[in-house]
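The structure appears below as structure tokens.
Rule-based calculations on the coordinates, nothing more; no lab input. These figures come from a predicted structure and were not determined experimentally. Here the Cβ is made from the backbone with ideal geometry for all residues, glycine too, and neighbour counts use every protein chain on show.
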Amino acid sequence: MVKVSMKVNGKPVSAEVEPRTLLVTFIRENLRLTGTHVGCDTAQCGACTVQMNGRAIKSCSIVAMQAEGADILTIEGVAKADGTLHPMQAAFKENHGLQCGFCTPGMVMNALDFAKRHPNPTEQEVRESLEGNLCRCTGYHNIVKSIVAGAKAMAGAKG
Amino acid sequence: MNAPLIGARVARKEDYRFLTGSGQYTDDVALPHQTHAAFVRSPHAHAVLKSVKTDKARKAPGVLAVYTGADLAAAKVGGLPCGWLITDVKGQPMKEPPYPPLAQGKVRHVGERVAVVIAETAALAKDAAELVEVDYEVLSAVADPKKAQSAKPLHEVAPDNTCYVWALGDKAAVDAAFAKAAHVTKLDFVNNRLIPNAIEPRAANGTYSRADDSYTLYVSSQNPHVERLLMTAFVLGLPESKVRVVAPDVGGGFGSKIYLYPEDVVVTWASRQLGRPVKWTAERSESFVSDAHGRDHATIAELALDKDGKFLAMRVRTTANLGAYLSTFASCIPTILYATLLAGQYTTPAIYCEVTAVFTNTVPVDAYRGAGRPEATYVVERLVETAAREMKIDPAEIRRRNFIRSFPHQTPVALQYDTGNYDATLDAAMKLADVKGFAKRKEESLRRGKLRGLGYCCYIEACGIAPSNVAGALGARAGLFEAGEIRVHPTGTVTVFTGSHAHGQGHETTFAQVVADRLGLGMEQVEIVHGDTAKVLFGMGTYGSRSLAVGGTAIVKALDKIIAKGKKIAAHLLEASEGDIEYNRGEFKVAGTDKKKTFGEVAFAAYVPHNYPLDKLEPGLNENAFYDPTNFTFPAGSYVCEVEVDRETGATQVVAFTAVDDFGKIINPMIVEGQVHGGLTQGIGQALTEYCVYDSTGQLLSGTFADYSIPRANDVPQYQIDTRETPCTHNPLGVKGCGEAGAIGAPAAVMNAITDALGVKDMPMPATAQTVWRTMQKAV
């Protein structure tokens, strides 16, 4: 067993884990933050996407030890403390960008990173940004609309 | 007073929890002291189990138990039942081989469960599963349905690997019509095998309570009551009252989570053996080899036409792959839900369809989004488009020459369509797709080195499967009604319990719209509860686009009872006669006066019955209803697809897709559009990217998302969609269902467009770049 420590959603956390423990397992099982999902075992689906030090990563693709000392943001840390949705989350709701909700946290976490770099993206840019995120319900149509709207809302909020 | 909610684009109630990571999917459920199961799966497609040695695994760190098929047999755990009995052409029942939850004696597909290891953690269970030693005597295997009948038998009861040969229609009439036809179009194709791949893998967490000798199973299921019925009555021999099945948030189903699966049975049974909860969550690799697959038909189809392009008859011979065992509804998919749809939107007077259903060494095949109807639509719409091209008639025009325009319409394949307007959807789709401008776009594409093609598909589907007595006569072993309950609370808020199950469809919103609209309440006053057999009185679950048409109607019937009782209470409170009370948007009024009581006042009186007709009326305001439909519903629509094919590489892109559907009345257009987008994408996936491939030894070659390509965002276009409305005539909401349409209509539209672009008669799905390129080389 090894000890890992990191910051998750702004709070310091640490636990003793087996060295082979994946970051996603650490987040789901040790921290019981179950909004981060596991949809495959080959790093294809993106349901486990979180942000590590501000960049979207697939948390199934690294072990928890590799995130030692890192700053991790999961879907549970995205809305405001009072429960108000982040503009990107609000855009998904407004544009019906989710159905069963299983891929949604990964989609949002990826979109937040993308939108920082693309404040006014085209639909095509958004589609390309979703290469690593699979959705089986929405056909992507409304996810694309959501991310375009969410990115604009984020840029607008910044002024 | 609230604005009407029927037809409003109401944002979804369920979104907040999903967007904040607060959803509760089965794998998110952590029970105290839970243990973890890992299944040992066969690496061989067909083998005799000479021995299964579990000693080493039992001694591995953290292991609590290892069970094999022999243990389950000794405990008298039964096999999994099939829910639909098909009677063959000779009047004999289909062959029903045993389907043990853990293999006994033989394994019949890669991924079949041989043993289960239960340990303190999932990782330790998986480690120990590697230590189970299985001695296999490998047998020859068959995966191709066309070769099944001459292959080594899988089951003793079916020496020719044939489950049944079944037929529908008047063969003599069809043969006579073909004999005098001016033109016959013939196609010989495969409807490619698909793997549903809901993004949430299946999961189950079973627990046993010694205190009251009861079980609870959390499971990723589309129909918890059906799961409970099948598991208790047929497999575990338990009273239903002792088993609670909870299907919490479910991350997509598309049919694959309708069925009772072996893993569900095993964790439930094992939880009692261990006295601790037993949890299993599939890895995606396991999903590929254990979730029921879809489609997999080999078909020879012929259409007979007169000289004017009028359809005279259709003749279809299909070999359907059922896989290694009969999954829960496997037998009715390539029969009852397939051959009955072969009339499509057309007046074709004579149709004959013969289906040979075979066992092969592959994962069981069952309903996948559309279930039989996509296969039927593909037959009809590929034949129609091909016939039009061969006879040099415009493909839209040949359809119009054959459209059904008088309703009700009795087809020669058992169904009676109640209503529809096929010209309306085709007109609208052609306009929206700008079919007139196609020639210009084709030229423009050609200048960029791309071949452009246009294809149509005019589909029909039969949804809201029922009535139960008709289904029963056709072999169904279950009812096909739905149940609903309205519980009005003393302060006037409402909890609605429905037997339908949502796994992305947004029932918590749509059903609340129906209830809030009828009662004149706000959306926030209505709560929808589903997915728990301990809360919901009964349910048949969600499949076949039936939730609103059947489940919604059960709710409406219960609402009617609530309003009827409310009128009695209001009449007493207002000192009026019951017949004079009207209910309108939240108020009980004495007709023609301003005397009224609000819904909340009446609810309060029902629960605080101080001024109440206790001698005539029970207190409380709680009603339930069961609804069994009188007919199927018949959603239909017209799709127009445009593709561009790269002449150098064969890479094919859907550049425009237009869908105009008739779903009857629409409650929430936003949700309906989402259902269409998703269905279209799965249909385009079948046509362009998705192919479940087995090699000749029964090994699954497409067993990861890297090999089995479900569409990514860049594979599909932004859609152009619209609706036309002919309300269903036999349910009070006038609704037909919208969940499967896209997956049913899209494959033929795409393939009609690609064959148009290439100028070829036919080519196989999926039209990957390589397949298209090869087709182009052959055509030159």
Fill in: Shielding by partners - mean other protein chain Cβ count within 10 Å, residues of B:708-716
6
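With a cap of 15 neighbouring Cβ atoms within 10 Å, and only residues DSSP puts in a loop, list the GluC sites (Glu not before Pro) found in the stretch B:607-702. It would help to have the intermediate numbers written out before the result.
Numbers: sites: B:E623, B:E642, B:E644, B:E648, B:E673, B:E690; in loops: B:E648, B:E690.
Sparse-neighbourhood loop GluC sites (Glu not before Pro): B:E648.
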Worksheet item: FRET efficiency for A:A15 and B:K146, Cβ-Cβ distance as r, R0 = 56 Å, nearest 0.05?
Response: 0.55
Worksheet item: Dimensions of the stretch A:87-158 along principal axes (Cα, Å, largest first)?
Response: 32, 22, 17
Practice prompt. Per residue of B:195-204, count partner chain C-beta atoms within 10 Å of its C-beta, then hand back the mean as an integer.
Written response: 5
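Which of rounded, prolate, oblate describes the protein assembly as shown, given a ≥ b ≥ c as roots of the alpha-carbon gyration tensor eigenvalues and a/c under 1.5 marking rounded, otherwise prolate only if a/b is larger than b/c?
Judged from the Cα gyration tensor, the protein assembly as shown comes out rounded (a/c under 1.5).
Sorted from fewest to most neighbouring beta carbons within 10 Å, what does the list A:C40, B:C463 look like? The partial results should precede the final answer.
Details: A:C40 24, B:C463 29.
Taking fewest neighbouring Cβ atoms as first place, the list is A:C40, B:C463.
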Worksheet, complete the sentence: Place a point 7 Å from the Cα of A:T42 in the direction of its beta carbon; the residues of the stretch B:678-702 whose amide N falls under 12 Å from it are B:691-693, B:700-702
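Tell me which DSSP H helices of chain B clear both cut-offs, 27 Å or more of axial length from alpha-carbon atoms and a mean Kyte-Doolittle hydropathy of at least -1.0. Please report the intermediate quantities before stating the final value.
Numbers: long enough: B:553-573 (30 Å, 0.55); B:669-688 (28 Å, 0.36).
Membrane-span-like by this criterion, though nothing is claimed about a membrane: B:553-573, B:669-688.
Which loop-located trypsin sites (Lys or Arg not before Pro) does the stretch B:194-266 contain, where loop means any DSSP state but H, G, I, E or B and the Cβ has at most 16 other Cβ atoms within 10 Å? Present the calculation step by step, with values, prior to reporting the outcome.
Working: sites: B:R202, B:R210, B:R228, B:K242, B:R244, B:K257; in loops: B:R202, B:R210, B:K257.
Those that pass, being in a loop and sparsely packed, are B:R210.
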Discussion item. Can you work out the Karplus-derived ³J(HN,Hα) for every residue in the stretch B:73-79? Use 6.51 cos²θ - 1.76 cosθ + 1.60 with θ = phi - 60°, whole Hz, and x for glycine or proline.
Written reply: 5, 5, 7, 6, 6, x, x
Item to complete: Run the numbers on the stretch A:2-77 and let me know its relative contact order in percent, using alpha-carbon pairs under 8 Å that are six or more apart.
Response: 39
Worksheet item: What average count of beta carbons from other chains do you get within 10 Å of the Cβ of residues in B:700-707?
Response: 2
Worksheet item: Residue by residue through the stretch B:289-303, which ³J(HN,Hα) values in whole Hz follow from phi under the Karplus form 6.51 cos²θ - 1.76 cosθ + 1.60 (θ = phi - 60°), with glycine and proline marked x?
Response: 9, 9, 6, 4, 8, x, 6, 6, 10, 10, 9, 10, 10, 10, 10
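Scan the stretch A:100-159 for chymotrypsin sites (Phe, Trp or Tyr not before Pro) in coil per DSSP, keeping those whose Cβ has at most 10 other Cβ atoms within 10 Å, and list them by number. Display every interim value, and only then the final one.
Numbers: sites: A:F102, A:F114, A:Y140; in loops: A:F102, A:Y140.
Within the stretch A:100-159, no chymotrypsin sites (Phe, Trp or Tyr not before Pro) qualify (loop, at most 10 other Cβ atoms within 10 Å).
Output the relative contact order of the stretch B:481-627, whole-number percent, from Cα pairs under 8 angstrom with separation of 6+ residues.
Relative CO of the stretch B:481-627 lands at 33 percent.
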Item to complete: Select from B:S209, B:Y612, B:V278 the residue farthest towards the positive end of the dipole of chain B; place +1 on Cβ of Lys and Arg, -1 on Cβ of Asp and Glu, and compute about the Cα centre.
Response: B:V278
Item to complete: Would you please classify the overall shape of chain B from the alpha carbon gyration tensor, given that a ≥ b ≥ c denote the square roots of the eigenvalues, rounded means a/c under 1.5, and beyond that prolate means a/b larger than b/c while oblate covers the rest?
Response: oblate
Worksheet, complete the sentence: Placing each pseudo-label 7 Å from Cα in the direction of the beta carbon, A:E131 and B:D135 end up separated by a distance in nanometres of 5.1
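For the stretch A:87-158, give the magnitude of the charge dipole about the Cα centre (Cβ charges: +1 Lys/Arg, -1 Asp/Glu; no others), in debye to the nearest 20.
Values: 8 positive and 6 negative charges, 36 e Å.
With only Lys, Arg, Asp and Glu charged at Cβ, the dipole is about 180 debye.
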Worksheet item: Can you give me the relative contact order of chain B as a percent, contacts being Cα pairs under 8 Å and 6 or more apart?
Response: 16
Worksheet item: At B:E283 and B:L474, where each label point lies 7 Å from the Cα along Cα→Cβ, what is the point-to-point distance in nanometres?
Response: 4.1
Response to the item:
When the charge dipole of the protein assembly as shown is computed with +1 on Lys and Arg Cβ and -1 on Asp and Glu Cβ about the Cα centre, the Cα farthest towards its positive end, among B:V735, B:A387, B:A343, belongs to B:A387
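What FRET efficiency comes out for the pair A:A81/A:A157, r = Cβ-Cβ distance, R0 = 22 Å, nearest 0.05? Spell out each step's value before the answer.
Working: r = 17 Å, r/R0 = 0.76.
Efficiency for this residue pair is about 0.85.
Need one number: % antiparallel among DSSP beta bridges in chain A, to the nearest 5.
On the way: 14 of 16 bridges.
Restricted to chain A, the bridges split so that about 90 percent are antiparallel.
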Practice prompt. Starting from the Cα-Cα distance between B:Q410 and B:A74, subtract it from 0.36 nm times their residue separation and give me the gain in nm to one decimal.
Written response: 115.7 nm
Discussion item. How would the stretch B:1-97 be classified by its alpha-carbon gyration tensor: rounded, prolate or oblate, with rounded meaning a/c under 1.5 and the a/b versus b/c comparison settling the rest?
Written reply: oblate
Discussion item. I want to check the label-to-label distance for B:E575 and A:N120. Put each point 7 Å from Cα in the C-beta direction and report it in nm to one decimal.
Written reply: 7.1
